[in-house]
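Notes follow once the structure below has been shown.
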Amino acid sequence: MRRVLVALAAALAVMTAAGPAAAAPLPGEIVHTETVSMSDGTPITVGFTEWPVRALQSLDFTFEPAGGIDGRTGLVTTVSPSGDRRGLKGIVLQRRGDAIVLPRHPRAEQVWGLDVVSLPEEGTWRFEFAVERAGATSTGVLPVQAIAQPGPPLGVSWTIALLPWAPVVVLVAAGWARTRAIRRSAKPGWSG
């Protein structure tokens with residue numbers, strides 16, 4: 001019992017020590033940036049935590065306009081390679097029409113960001129930006145190439161992942177069939 005308690009205390013100490021390290025600030029995780037020149041001449045820096053961007057691979061995006069985000073509203077419209085202007089449909093954020101209203105990034109509140117997002121198809125995506133400040137709006141566009149997804153196709157991945165569950169399905173089906181046969185052969189009767 002004492003060994004179990006010591007092991008639990010050690011595991012708790014490791015998790016507690018790893019907690020702040022796991023929540024490291026995002027800027028150190030940015031591996032690539034692109035600068036977009038906006039219509040008013042100011043740049044916006046777009047950061048990526050994975051580069052090159054692969055379809056169906058989760059990554060973080062950061063958006064930092066020159067002069068910071070205070071007093072500004074950022075909008076991004078993600079246009080998929082197939083032309084869908086709501087390319088990132090799975091994101092549950094505030095929207096204005098097709099555009100996503102950019103929130104502060106949860107781990108780097110000095111910039112706007114999308115946390116753990118994946119581009120669902122490969123090809124050239126268009127990120128169309130609009131930054132609003134004091135009644136003026138500046139716009140810019142960034143093409144982002146998403147290459148093929150990492151690993152095997154999804155169908156193959158799911159098949160391999162579910163293969164160990166095949167014996168369980170067989171056992172459940174056999175148990176169900178056996179129980180059904182037993183219930184059919186039992187004569188109804190009053191046991192009371």
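The values are calculated or read from the model by the stated rules, or taken from the named source; none is laboratory data. Computed from a predicted structure; not experimentally measured. FYI the Cβ positions are ideal-geometry reconstructions off the backbone, even for glycines, and counts take in every protein chain you see. These accessible areas exclude ligands, DNA and RNA; they are computed on the full protein's heavy atoms, side chains included. Shrake-Rupley method; radii C 1.70, N 1.55, O 1.52, S 1.80 Å.
Details
- Paramagnetic label zone (point 7 Å from Cα along Cα-to-C-beta, R96; backbone N under 12 Å) in segment 138-167: 138-139
- T137/S82 FRET efficiency (R0 30 Å; Cβ-Cβ; nearest 0.05): 0.65
- Here segment 47-93 is assigned +1 on the Cβ of each Lys and Arg and -1 on the Cβ of each Asp and Glu. Its dipole about the Cα centre then comes out at about 260 debye.
- The gain in end-to-end length when the R104 to L154 segment is fully stretched comes to 14.8 nm, 0.36 nm per residue minus the alpha carbon separation.
- Rounded accessible area per residue of segment 111-192, 1.4 Å, Å²: 72 Å²
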